[in-house]
1. Quickly run through the stretch 1-31 and pick out the residues that are open to solvent by less than 60 Å² (accessible area, probe 1.4 Å) and touching a residue at least 40 places away in the same chain (Cβ under 8 Å).
2. Pull up the stretch 444-474, narrow it to residues that are among the hydroxyl-bearing types (Ser, Thr, Tyr) and within 57 Å of the chain's Cα centre (by Cα), then point me to the one that is nearest to residue 417 (Cα to Cα).
3. Whether any residue in the stretch 160-174 is open to solvent by 70 Å² or more (accessible area, probe 1.4 Å) and without any contact (Cβ under 8 Å) to a residue 12 or more places away in the chain is what I want to check.
4. Which residues, taken from the stretch 33-80, are in contact with a Leu (Cβ under 9 Å, 6 or more places away or on another chain) and of a type in the set (Val, Ile, Thr)?
5. Any idea which residue in the stretch 373-403 is farthest from residue 431 (Cα to Cα), counting only those that are among the aliphatic types (A, V, I, L, M) and more than 15 Å from the ligand (Cβ to nearest atom)?
6. Tally the residues that are within 16 Å of the ligand (Cβ to nearest atom), closer than 29 Å to residue 486 by Cβ and in contact (Cβ under 8 Å) with a residue 60 or more places away in the chain, restricting the search to the stretch 334-372.
7. Condition first: small (Gly, Ala, Ser) and surrounded by fewer than 20 Cβ atoms within 10 Å (Cβ to Cβ). Now tell me which residues in the stretch 326-352 satisfy that.
8. Go through the stretch 315-358 and give me each residue that's part of a helix (DSSP H, G or I) and of a type in the set (Ser, Thr, Tyr).
Amino acid sequence: MDDEESILEVAKEFFTIRGYKVFTAQNGEQAYEILKSTRIDCCFTDINMPVMNGIELAEKINRLDNTIPVVIMTGFPSLENTLKTLKNGVVDFLIKPVNLNHMELCIQRVLQQRRLFVENILLKEEAEQKARLEELNRELTQKVKDLKTMNRITNEFLMLTSSTDVFDRLVRMAVEISKADAAMFHLIHEMIDQPVLVSRFLCADDPAALVLSQTVPPEFVKDVGGEKMPFIASPDALNPISEHVGSLMASPLTIRGRVFGVLTAAKMPEKYEFEEKDLFYLSVMTSHAAYAIENLALYENIYQNLFSTIYAFVRAIGARDSYTEHHCNRVTRVARMIAEHMGCSEEELDILYTGGLLHDIGKIGIRDEILLKPARLTEEEYEIIKTHTTIGANIVGQIGLWEREQGIIRHHHERYDGKGYPDGLSGEAIPYLARVLTVADVYDALASDRTYRRRMSEEKILQIIREGRGTQFDPQIVDVFLELYQKGIIQQHDSCPCATGNL
Ligand SMILES: [Fe+2]
(Lines give C-alpha, C1' and ligand atoms only; values in the text may rest on other atoms or scores of the structure.)
Protein backbone atom coordinates (compact mmCIF):
# COMPACT_ATOMS: atom_id res chain seq x y z
CA MET A 1 0.00 0.00 0.00
CA ASP A 2 1.30 3.38 -0.98
CA ASP A 3 -0.35 6.58 -2.14
CA GLU A 4 2.47 7.05 -4.70
CA GLU A 5 1.37 5.10 -7.74
CA SER A 6 4.85 4.88 -9.25
CA ILE A 7 6.18 2.99 -6.23
CA LEU A 8 3.31 0.51 -6.54
CA GLU A 9 3.97 -0.05 -10.23
CA VAL A 10 7.70 -0.63 -9.84
CA ALA A 11 7.23 -3.01 -6.92
CA LYS A 12 4.46 -4.97 -8.69
CA GLU A 13 6.54 -5.49 -11.80
CA PHE A 14 9.65 -6.48 -9.83
CA PHE A 15 7.89 -9.10 -7.71
CA THR A 16 5.58 -10.44 -10.43
CA ILE A 17 8.65 -11.27 -12.52
CA ARG A 18 10.03 -13.17 -9.53
CA GLY A 19 6.88 -15.31 -9.32
CA TYR A 20 4.96 -13.52 -6.55
CA LYS A 21 1.31 -12.64 -6.83
CA VAL A 22 1.04 -8.95 -6.02
CA PHE A 23 -1.98 -6.84 -5.04
CA THR A 24 -1.65 -3.08 -4.70
CA ALA A 25 -3.79 -0.40 -3.06
CA GLN A 26 -3.46 3.37 -2.66
CA ASN A 27 -4.99 3.63 0.79
CA GLY A 28 -5.85 1.49 3.79
CA GLU A 29 -9.49 1.05 2.92
CA GLN A 30 -8.81 -0.36 -0.55
CA ALA A 31 -6.19 -2.64 0.98
CA TYR A 32 -8.60 -3.87 3.63
CA GLU A 33 -11.20 -4.81 0.98
CA ILE A 34 -8.58 -6.95 -0.79
CA LEU A 35 -7.54 -8.55 2.47
CA LYS A 36 -11.09 -9.54 3.32
CA SER A 37 -11.62 -11.40 0.03
CA THR A 38 -8.17 -12.77 -0.76
CA ARG A 39 -5.68 -14.94 1.05
CA ILE A 40 -2.68 -12.66 1.65
CA ASP A 41 0.63 -13.93 3.02
CA CYS A 42 2.35 -10.65 3.76
CA CYS A 43 1.59 -6.88 3.66
CA PHE A 44 3.86 -3.88 3.00
CA THR A 45 2.40 -0.51 3.82
CA ASP A 46 3.31 3.16 3.85
CA ILE A 47 2.27 5.06 6.99
CA ASN A 48 0.91 8.28 5.60
CA MET A 49 -1.93 7.61 3.21
CA PRO A 50 -5.35 9.17 2.69
CA VAL A 51 -8.65 7.61 4.00
CA MET A 52 -6.99 5.05 6.28
CA ASN A 53 -3.34 5.29 7.25
CA GLY A 54 -0.89 2.40 7.61
CA ILE A 55 -1.10 2.20 11.39
CA GLU A 56 -4.91 1.99 11.40
CA LEU A 57 -4.65 -0.62 8.66
CA ALA A 58 -2.16 -2.68 10.69
CA GLU A 59 -4.60 -2.65 13.59
CA LYS A 60 -7.47 -3.86 11.42
CA ILE A 61 -5.38 -6.60 9.82
CA ASN A 62 -4.33 -7.77 13.25
CA ARG A 63 -7.96 -8.11 14.27
CA LEU A 64 -8.88 -9.84 11.01
CA ASP A 65 -6.07 -12.42 11.11
CA ASN A 66 -3.22 -12.03 13.54
CA THR A 67 -0.97 -14.35 11.56
CA ILE A 68 -0.58 -11.95 8.58
CA PRO A 69 2.76 -10.15 8.95
CA VAL A 70 2.71 -6.39 8.24
CA VAL A 71 5.88 -4.51 7.28
CA ILE A 72 5.88 -0.71 7.55
CA MET A 73 7.73 1.35 4.97
CA THR A 74 8.49 4.83 6.20
CA GLY A 75 10.87 7.69 5.67
CA PHE A 76 11.32 8.65 9.29
CA PRO A 77 10.19 6.05 11.82
CA SER A 78 9.42 7.97 15.03
CA LEU A 79 9.70 6.21 18.36
CA GLU A 80 6.03 6.83 19.03
CA ASN A 81 4.94 5.24 15.73
CA THR A 82 7.30 2.34 16.21
CA LEU A 83 5.83 1.50 19.62
CA LYS A 84 2.25 1.85 18.40
CA THR A 85 2.78 -0.35 15.40
CA LEU A 86 4.71 -3.04 17.22
CA LYS A 87 1.65 -3.69 19.36
CA ASN A 88 -0.44 -4.35 16.28
CA GLY A 89 1.27 -7.23 14.51
CA VAL A 90 3.86 -5.13 12.65
CA VAL A 91 6.87 -7.35 12.31
CA ASP A 92 9.43 -5.09 10.60
CA PHE A 93 10.30 -1.65 9.23
CA LEU A 94 11.84 -0.74 5.94
CA ILE A 95 13.31 2.73 5.50
CA LYS A 96 12.31 4.63 2.37
CA PRO A 97 13.44 4.76 -0.31
CA VAL A 98 13.14 0.97 -0.27
CA ASN A 99 15.65 -1.21 -2.07
CA LEU A 100 13.57 -3.92 -3.79
CA ASN A 101 16.19 -6.61 -3.19
CA HIS A 102 16.10 -5.79 0.53
CA MET A 103 12.34 -5.94 0.34
CA GLU A 104 12.50 -9.50 -1.08
CA LEU A 105 14.84 -10.63 1.68
CA CYS A 106 12.41 -9.11 4.13
CA ILE A 107 9.49 -11.04 2.54
CA GLN A 108 11.38 -14.32 2.83
CA ARG A 109 12.24 -13.63 6.46
CA VAL A 110 8.73 -12.66 7.57
CA LEU A 111 7.13 -15.55 5.70
CA GLN A 112 9.48 -17.97 7.46
CA GLN A 113 8.55 -16.34 10.77
CA ARG A 114 4.88 -16.62 9.89
CA ARG A 115 5.18 -20.34 9.18
CA LEU A 116 6.79 -20.85 12.57
CA PHE A 117 4.14 -18.69 14.22
CA VAL A 118 1.28 -20.65 12.63
CA GLU A 119 2.94 -23.96 13.46
CA ASN A 120 3.32 -22.80 17.00
CA ILE A 121 -0.36 -21.90 17.23
CA LEU A 122 -1.32 -25.30 15.82
CA LEU A 123 0.96 -27.08 18.24
CA LYS A 124 -0.48 -25.12 21.11
CA GLU A 125 -4.02 -26.02 20.03
CA GLU A 126 -3.00 -29.65 19.70
CA ALA A 127 -1.49 -29.62 23.17
CA GLU A 128 -4.63 -28.06 24.61
CA GLN A 129 -6.80 -30.63 22.87
CA LYS A 130 -4.60 -33.41 24.12
CA ALA A 131 -4.80 -32.10 27.66
CA ARG A 132 -8.58 -31.84 27.41
CA LEU A 133 -8.75 -35.36 25.99
CA GLU A 134 -6.61 -36.68 28.80
CA GLU A 135 -8.85 -34.94 31.30
CA LEU A 136 -11.94 -36.47 29.68
CA ASN A 137 -10.25 -39.83 29.68
CA ARG A 138 -9.49 -39.51 33.37
CA GLU A 139 -13.09 -38.54 34.07
CA LEU A 140 -14.35 -41.47 32.01
CA THR A 141 -12.03 -43.95 33.71
CA GLN A 142 -13.24 -42.72 37.08
CA LYS A 143 -16.87 -43.00 36.02
CA VAL A 144 -16.33 -46.56 34.74
CA LYS A 145 -14.62 -47.39 38.01
CA ASP A 146 -17.53 -45.94 40.02
CA LEU A 147 -20.00 -47.88 37.91
CA LYS A 148 -18.06 -51.10 38.41
CA THR A 149 -18.03 -50.55 42.16
CA MET A 150 -21.79 -49.93 42.17
CA ASN A 151 -22.36 -53.06 40.07
CA ARG A 152 -20.17 -55.08 42.33
CA ILE A 153 -22.09 -53.96 45.40
CA THR A 154 -25.39 -54.85 43.72
CA ASN A 155 -24.22 -58.25 42.50
CA GLU A 156 -22.55 -59.29 45.73
CA PHE A 157 -25.89 -59.29 47.52
CA LEU A 158 -27.84 -61.19 44.88
CA MET A 159 -26.76 -64.75 45.55
CA LEU A 160 -26.74 -64.84 49.33
CA THR A 161 -28.85 -67.44 51.11
CA SER A 162 -28.68 -66.42 54.76
CA SER A 163 -28.52 -63.27 56.85
CA THR A 164 -25.16 -64.36 58.26
CA ASP A 165 -23.78 -64.38 54.72
CA VAL A 166 -25.09 -60.83 54.28
CA PHE A 167 -23.19 -59.58 57.36
CA ASP A 168 -19.97 -61.36 56.36
CA ARG A 169 -20.21 -59.98 52.83
CA LEU A 170 -20.83 -56.46 54.15
CA VAL A 171 -17.69 -56.28 56.27
CA ARG A 172 -15.50 -57.86 53.60
CA MET A 173 -16.74 -55.43 50.97
CA ALA A 174 -16.36 -52.43 53.26
CA VAL A 175 -12.67 -53.30 53.72
CA GLU A 176 -12.07 -53.98 50.04
CA ILE A 177 -13.94 -51.06 48.52
CA SER A 178 -13.05 -48.32 50.99
CA LYS A 179 -9.52 -49.70 51.60
CA ALA A 180 -10.20 -49.84 55.32
CA ASP A 181 -8.04 -51.77 57.76
CA ALA A 182 -11.02 -53.21 59.60
CA ALA A 183 -14.80 -53.34 59.26
CA MET A 184 -17.43 -54.48 61.73
CA PHE A 185 -21.14 -55.06 61.67
CA HIS A 186 -23.01 -54.54 64.94
CA LEU A 187 -26.64 -55.34 65.61
CA ILE A 188 -28.52 -52.65 67.42
CA HIS A 189 -31.72 -53.09 69.35
CA GLU A 190 -33.52 -50.81 71.75
CA MET A 191 -33.75 -53.67 74.25
CA ILE A 192 -29.98 -54.19 74.21
CA ASP A 193 -27.74 -51.62 75.83
CA GLN A 194 -24.57 -52.19 73.79
CA PRO A 195 -24.23 -52.87 70.06
CA VAL A 196 -23.62 -56.59 69.44
CA LEU A 197 -20.74 -57.46 67.13
CA VAL A 198 -21.91 -60.09 64.62
CA SER A 199 -19.24 -59.92 61.94
CA ARG A 200 -15.75 -58.51 61.54
CA PHE A 201 -13.21 -58.45 58.70
CA LEU A 202 -9.61 -57.30 58.91
CA CYS A 203 -7.59 -56.29 55.85
CA ALA A 204 -4.59 -58.35 56.94
CA ASP A 205 -3.49 -60.73 59.61
CA ASP A 206 -2.10 -57.74 61.47
CA PRO A 207 -2.43 -57.52 65.27
CA ALA A 208 -2.75 -53.75 64.87
CA ALA A 209 -5.87 -54.21 62.72
CA LEU A 210 -7.41 -56.36 65.46
CA VAL A 211 -6.59 -53.73 68.08
CA LEU A 212 -8.06 -51.11 65.77
CA SER A 213 -11.32 -53.04 65.44
CA GLN A 214 -11.49 -53.48 69.21
CA THR A 215 -10.93 -49.82 70.01
CA VAL A 216 -13.77 -48.42 67.92
CA PRO A 217 -15.92 -46.82 70.62
CA PRO A 218 -19.37 -48.44 71.01
CA GLU A 219 -20.80 -44.95 71.57
CA PHE A 220 -19.81 -44.04 68.02
CA VAL A 221 -21.70 -47.06 66.66
CA LYS A 222 -24.69 -46.29 68.88
CA ASP A 223 -24.73 -42.63 67.83
CA VAL A 224 -24.73 -43.46 64.12
CA GLY A 225 -27.56 -45.92 64.76
CA GLY A 226 -29.46 -43.29 66.72
CA GLU A 227 -29.02 -40.60 64.09
CA LYS A 228 -29.95 -43.03 61.27
CA MET A 229 -27.40 -41.21 59.05
CA PRO A 230 -24.04 -42.27 57.55
CA PHE A 231 -21.21 -40.39 59.21
CA ILE A 232 -17.44 -39.78 58.94
CA ALA A 233 -15.71 -38.86 62.19
CA SER A 234 -13.21 -36.00 61.83
CA PRO A 235 -9.65 -36.83 63.01
CA ASP A 236 -9.89 -34.05 65.64
CA ALA A 237 -12.96 -35.65 67.13
CA LEU A 238 -11.21 -39.02 67.19
CA ASN A 239 -7.95 -37.94 68.76
CA PRO A 240 -9.03 -37.90 72.37
CA ILE A 241 -10.96 -41.16 71.89
CA SER A 242 -8.26 -43.49 70.68
CA GLU A 243 -4.69 -43.26 69.48
CA HIS A 244 -5.18 -46.46 67.47
CA VAL A 245 -7.94 -45.12 65.22
CA GLY A 246 -6.94 -42.89 62.32
CA SER A 247 -10.16 -42.52 60.37
CA LEU A 248 -13.62 -43.83 61.08
CA MET A 249 -16.93 -43.95 59.26
CA ALA A 250 -20.21 -45.80 59.70
CA SER A 251 -23.55 -46.31 58.02
CA PRO A 252 -26.75 -47.60 59.62
CA LEU A 253 -28.61 -50.55 58.09
CA THR A 254 -32.26 -49.60 58.14
CA ILE A 255 -35.15 -51.92 57.36
CA ARG A 256 -38.52 -50.22 56.94
CA GLY A 257 -37.40 -47.16 58.86
CA ARG A 258 -35.95 -49.07 61.80
CA VAL A 259 -32.24 -49.32 62.44
CA PHE A 260 -31.24 -52.95 62.45
CA GLY A 261 -27.49 -52.58 62.73
CA VAL A 262 -24.46 -50.42 61.89
CA LEU A 263 -21.62 -51.07 59.46
CA THR A 264 -18.39 -49.43 60.62
CA ALA A 265 -15.09 -49.09 58.74
CA ALA A 266 -11.85 -47.97 60.38
CA LYS A 267 -8.34 -47.04 59.32
CA MET A 268 -5.16 -46.94 61.31
CA PRO A 269 -3.51 -43.57 61.96
CA GLU A 270 -1.20 -42.06 59.31
CA LYS A 271 -3.21 -43.41 56.39
CA TYR A 272 -5.23 -41.15 54.17
CA GLU A 273 -8.62 -40.36 55.59
CA PHE A 274 -11.97 -41.65 54.38
CA GLU A 275 -13.63 -39.39 51.86
CA GLU A 276 -17.26 -38.56 51.10
CA LYS A 277 -17.18 -41.09 48.27
CA ASP A 278 -16.15 -43.90 50.64
CA LEU A 279 -19.07 -43.00 52.88
CA PHE A 280 -21.38 -42.99 49.88
CA TYR A 281 -20.33 -46.55 48.94
CA LEU A 282 -20.69 -47.65 52.55
CA SER A 283 -24.27 -46.40 52.60
CA VAL A 284 -25.00 -48.07 49.24
CA MET A 285 -23.75 -51.33 50.76
CA THR A 286 -26.00 -51.07 53.80
CA SER A 287 -29.06 -50.25 51.72
CA HIS A 288 -28.43 -53.24 49.40
CA ALA A 289 -27.86 -55.44 52.44
CA ALA A 290 -31.16 -54.23 53.89
CA TYR A 291 -33.00 -55.31 50.72
CA ALA A 292 -31.18 -58.64 50.76
CA ILE A 293 -32.14 -59.32 54.37
CA GLU A 294 -35.72 -58.32 53.74
CA ASN A 295 -35.89 -60.58 50.67
CA LEU A 296 -34.33 -63.47 52.54
CA ALA A 297 -36.93 -63.14 55.26
CA LEU A 298 -39.66 -63.18 52.64
CA TYR A 299 -38.02 -66.03 50.72
CA GLU A 300 -37.56 -68.12 53.85
CA ASN A 301 -41.26 -67.69 54.51
CA ILE A 302 -42.21 -68.58 50.96
CA TYR A 303 -39.90 -71.59 51.07
CA GLN A 304 -41.48 -72.73 54.34
CA ASN A 305 -44.95 -72.27 52.86
CA LEU A 306 -44.07 -74.22 49.74
CA PHE A 307 -42.59 -77.03 51.70
CA SER A 308 -45.64 -77.34 53.95
CA THR A 309 -47.91 -77.28 50.91
CA ILE A 310 -45.98 -80.05 49.23
CA TYR A 311 -45.63 -82.01 52.42
CA ALA A 312 -49.41 -81.85 52.73
CA PHE A 313 -49.40 -84.12 49.65
CA VAL A 314 -47.25 -86.61 51.51
CA ARG A 315 -49.69 -86.57 54.39
CA ALA A 316 -52.49 -86.97 51.87
CA ILE A 317 -50.77 -90.12 50.61
CA GLY A 318 -50.38 -91.13 54.24
CA ALA A 319 -54.15 -91.02 54.64
CA ARG A 320 -54.47 -93.54 51.79
CA ASP A 321 -51.29 -95.45 52.39
CA SER A 322 -49.59 -94.96 55.70
CA TYR A 323 -46.72 -97.25 54.68
CA THR A 324 -45.51 -94.67 52.13
CA GLU A 325 -45.59 -91.82 54.64
CA HIS A 326 -43.64 -93.71 57.31
CA HIS A 327 -41.34 -95.21 54.70
CA CYS A 328 -40.49 -91.72 53.44
CA ASN A 329 -39.57 -90.55 56.93
CA ARG A 330 -37.38 -93.57 57.66
CA VAL A 331 -35.66 -93.49 54.27
CA THR A 332 -34.86 -89.81 54.76
CA ARG A 333 -33.30 -90.50 58.15
CA VAL A 334 -31.11 -93.34 56.88
CA ALA A 335 -30.12 -91.48 53.70
CA ARG A 336 -29.01 -88.45 55.74
CA MET A 337 -26.92 -90.68 58.04
CA ILE A 338 -25.12 -92.12 55.03
CA ALA A 339 -24.70 -88.69 53.42
CA GLU A 340 -23.37 -87.18 56.61
CA HIS A 341 -20.84 -89.96 56.90
CA MET A 342 -19.80 -89.44 53.28
CA GLY A 343 -18.93 -85.82 54.06
CA CYS A 344 -21.90 -84.13 52.40
CA SER A 345 -22.39 -80.43 53.15
CA GLU A 346 -25.20 -78.95 55.24
CA GLU A 347 -26.81 -77.77 52.05
CA GLU A 348 -26.77 -81.30 50.58
CA LEU A 349 -28.24 -82.70 53.79
CA ASP A 350 -31.04 -80.13 53.52
CA ILE A 351 -31.69 -81.15 49.92
CA LEU A 352 -31.74 -84.78 50.94
CA TYR A 353 -34.21 -83.95 53.69
CA THR A 354 -36.71 -82.35 51.32
CA GLY A 355 -36.01 -84.76 48.46
CA GLY A 356 -36.22 -87.76 50.81
CA LEU A 357 -39.52 -86.81 52.38
CA LEU A 358 -40.99 -86.14 48.95
CA HIS A 359 -39.34 -88.96 46.97
CA ASP A 360 -42.51 -91.04 46.58
CA ILE A 361 -44.84 -88.06 46.29
CA GLY A 362 -45.71 -89.15 42.74
CA LYS A 363 -47.69 -92.05 44.21
CA ILE A 364 -50.45 -89.53 44.73
CA GLY A 365 -51.14 -89.99 41.01
CA ILE A 366 -51.44 -93.80 41.21
CA ARG A 367 -54.88 -95.38 41.54
CA ASP A 368 -55.74 -97.02 44.88
CA GLU A 369 -56.36 -100.46 43.41
CA ILE A 370 -52.76 -100.54 42.19
CA LEU A 371 -51.08 -98.58 44.98
CA LEU A 372 -52.83 -100.50 47.74
CA LYS A 373 -53.06 -103.91 46.04
CA PRO A 374 -52.48 -106.54 48.72
CA ALA A 375 -50.77 -108.90 46.28
CA ARG A 376 -47.98 -108.92 43.74
CA LEU A 377 -48.48 -106.55 40.80
CA THR A 378 -48.98 -107.61 37.21
CA GLU A 379 -46.50 -106.33 34.65
CA GLU A 380 -48.88 -103.61 33.44
CA GLU A 381 -49.58 -102.51 36.99
CA TYR A 382 -45.87 -102.40 37.72
CA GLU A 383 -45.35 -100.16 34.66
CA ILE A 384 -48.00 -97.79 36.02
CA ILE A 385 -46.48 -97.67 39.46
CA LYS A 386 -43.06 -96.87 37.92
CA THR A 387 -44.50 -93.56 36.73
CA HIS A 388 -44.49 -92.27 40.32
CA THR A 389 -40.88 -91.08 39.74
CA THR A 390 -41.76 -88.80 36.83
CA ILE A 391 -45.10 -87.68 38.30
CA GLY A 392 -43.32 -86.69 41.53
CA ALA A 393 -40.54 -84.87 39.69
CA ASN A 394 -43.14 -82.94 37.69
CA ILE A 395 -45.07 -81.86 40.79
CA VAL A 396 -41.93 -80.55 42.46
CA GLY A 397 -40.55 -79.18 39.17
CA GLN A 398 -43.48 -76.78 38.91
CA ILE A 399 -42.10 -74.86 41.86
CA GLY A 400 -38.96 -74.13 39.89
CA LEU A 401 -36.81 -73.82 43.01
CA TRP A 402 -35.95 -77.40 43.85
CA GLU A 403 -33.88 -78.62 40.96
CA ARG A 404 -31.68 -80.94 43.00
CA GLU A 405 -34.58 -82.22 45.07
CA GLN A 406 -36.33 -82.92 41.78
CA GLY A 407 -33.28 -84.96 40.68
CA ILE A 408 -33.58 -87.19 43.75
CA ILE A 409 -37.29 -87.76 43.17
CA ARG A 410 -36.90 -88.56 39.47
CA HIS A 411 -33.88 -90.82 39.77
CA HIS A 412 -34.33 -92.75 43.02
CA HIS A 413 -35.12 -95.93 41.06
CA GLU A 414 -32.15 -95.72 38.66
CA ARG A 415 -29.58 -98.51 38.98
CA TYR A 416 -25.81 -98.10 38.99
CA ASP A 417 -25.57 -100.51 36.02
CA GLY A 418 -28.09 -98.46 34.00
CA LYS A 419 -30.96 -100.99 34.20
CA GLY A 420 -33.22 -98.83 36.37
CA TYR A 421 -35.94 -96.31 35.55
CA PRO A 422 -37.19 -93.83 34.38
CA ASP A 423 -34.14 -92.77 32.32
CA GLY A 424 -31.79 -95.78 32.54
CA LEU A 425 -28.95 -93.57 33.77
CA SER A 426 -25.85 -95.32 35.04
CA GLY A 427 -22.89 -94.66 37.36
CA GLU A 428 -21.95 -91.05 37.98
CA ALA A 429 -24.68 -89.85 35.62
CA ILE A 430 -27.23 -90.59 38.36
CA PRO A 431 -27.36 -87.59 40.76
CA TYR A 432 -25.20 -88.39 43.76
CA LEU A 433 -27.89 -87.75 46.36
CA ALA A 434 -30.32 -89.96 44.40
CA ARG A 435 -27.73 -92.80 44.59
CA VAL A 436 -27.56 -92.30 48.36
CA LEU A 437 -31.32 -92.35 48.66
CA THR A 438 -31.64 -95.54 46.56
CA VAL A 439 -29.62 -97.58 49.09
CA ALA A 440 -31.69 -96.25 51.99
CA ASP A 441 -34.92 -96.78 50.04
CA VAL A 442 -34.23 -100.43 49.15
CA TYR A 443 -32.97 -101.16 52.65
CA ASP A 444 -36.16 -99.80 54.20
CA ALA A 445 -38.40 -101.68 51.77
CA LEU A 446 -36.64 -104.97 52.58
CA ALA A 447 -36.76 -104.31 56.30
CA SER A 448 -40.50 -103.57 56.34
CA ASP A 449 -43.42 -105.89 56.77
CA ARG A 450 -45.61 -105.86 53.68
CA THR A 451 -49.05 -107.32 53.17
CA TYR A 452 -47.65 -109.80 50.67
CA ARG A 453 -44.48 -110.71 52.63
CA ARG A 454 -42.92 -110.42 56.06
CA ARG A 455 -39.85 -108.30 56.49
CA MET A 456 -36.62 -110.06 55.65
CA SER A 457 -34.03 -111.30 58.06
CA GLU A 458 -31.02 -109.15 58.77
CA GLU A 459 -28.65 -111.57 56.98
CA LYS A 460 -30.87 -111.70 53.92
CA ILE A 461 -31.11 -107.87 53.72
CA LEU A 462 -27.35 -107.39 54.06
CA GLN A 463 -26.78 -110.11 51.47
CA ILE A 464 -29.08 -108.40 48.96
CA ILE A 465 -27.40 -105.04 49.53
CA ARG A 466 -23.93 -106.56 49.22
CA GLU A 467 -24.91 -108.35 46.02
CA GLY A 468 -26.20 -105.07 44.60
CA ARG A 469 -22.81 -103.41 45.16
CA GLY A 470 -21.74 -102.05 41.74
CA THR A 471 -24.85 -103.40 39.95
CA GLN A 472 -27.89 -101.87 41.60
CA PHE A 473 -25.98 -99.54 43.94
CA ASP A 474 -22.99 -97.20 43.97
CA PRO A 475 -20.25 -99.40 45.58
CA GLN A 476 -18.86 -96.60 47.76
CA ILE A 477 -22.29 -95.81 49.19
CA VAL A 478 -22.89 -99.52 49.92
CA ASP A 479 -19.55 -99.61 51.82
CA VAL A 480 -20.56 -96.66 53.97
CA PHE A 481 -24.03 -98.14 54.56
CA LEU A 482 -22.55 -101.48 55.69
CA GLU A 483 -20.05 -99.75 57.93
CA LEU A 484 -22.81 -97.73 59.63
CA TYR A 485 -24.97 -100.84 59.90
CA GLN A 486 -22.19 -102.87 61.49
CA LYS A 487 -21.49 -100.09 63.98
CA GLY A 488 -25.17 -100.14 64.93
CA ILE A 489 -25.72 -96.57 63.78
CA ILE A 490 -28.35 -97.78 61.31
CA GLN A 491 -30.61 -100.27 63.05
CA GLN A 492 -33.47 -102.52 62.09
CA HIS A 493 -36.56 -100.49 62.81
CA ASP A 494 -39.94 -101.61 63.99
CA SER A 495 -42.15 -102.78 61.21
CA CYS A 496 -44.84 -100.46 60.02
CA PRO A 497 -48.10 -101.48 61.77
CA CYS A 498 -50.28 -100.96 58.74
CA ALA A 499 -48.07 -102.18 55.97
CA THR A 500 -49.66 -102.24 52.58
CA GLY A 501 -48.50 -101.34 49.11
CA ASN A 502 -46.11 -102.75 46.62
CA LEU A 503 -42.98 -100.56 46.50
FE1 LIG B 1 -40.07 -95.06 45.08
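The values are calculated or read from the model by the stated rules, or taken from the named source; none is laboratory data. The model shown is predicted, which means the values in this text are computed figures rather than measured ones. Positions of Cβ are generated from backbone atoms using ideal geometry, with glycine treated the same way; all protein chains shown enter the neighbour counts. Side chains included, ligands, DNA and RNA excluded: accessible areas come from the protein's heavy atoms. Shrake-Rupley method; radii C 1.70, N 1.55, O 1.52, S 1.80 Å.
1. Once the filter is applied, which keeps residues that are open to solvent by less than 60 Å² (accessible area, probe 1.4 Å) and touching a residue at least 40 places away in the same chain (Cβ under 8 Å), the stretch 1-31 yields 1, 2, 11, 14, 15.
2. Result: 471.
3. no
4. Passing the criteria: 45, 61, 68, 70, 71, 72, 74.
5. It comes out as 375.
6. The number of residues fulfilling the criteria is 7.
7. Those that are small (Gly, Ala, Ser) and surrounded by fewer than 20 Cβ atoms within 10 Å (Cβ to Cβ): 343, 345.
8. 322, 323, 324, 332, 353, 354
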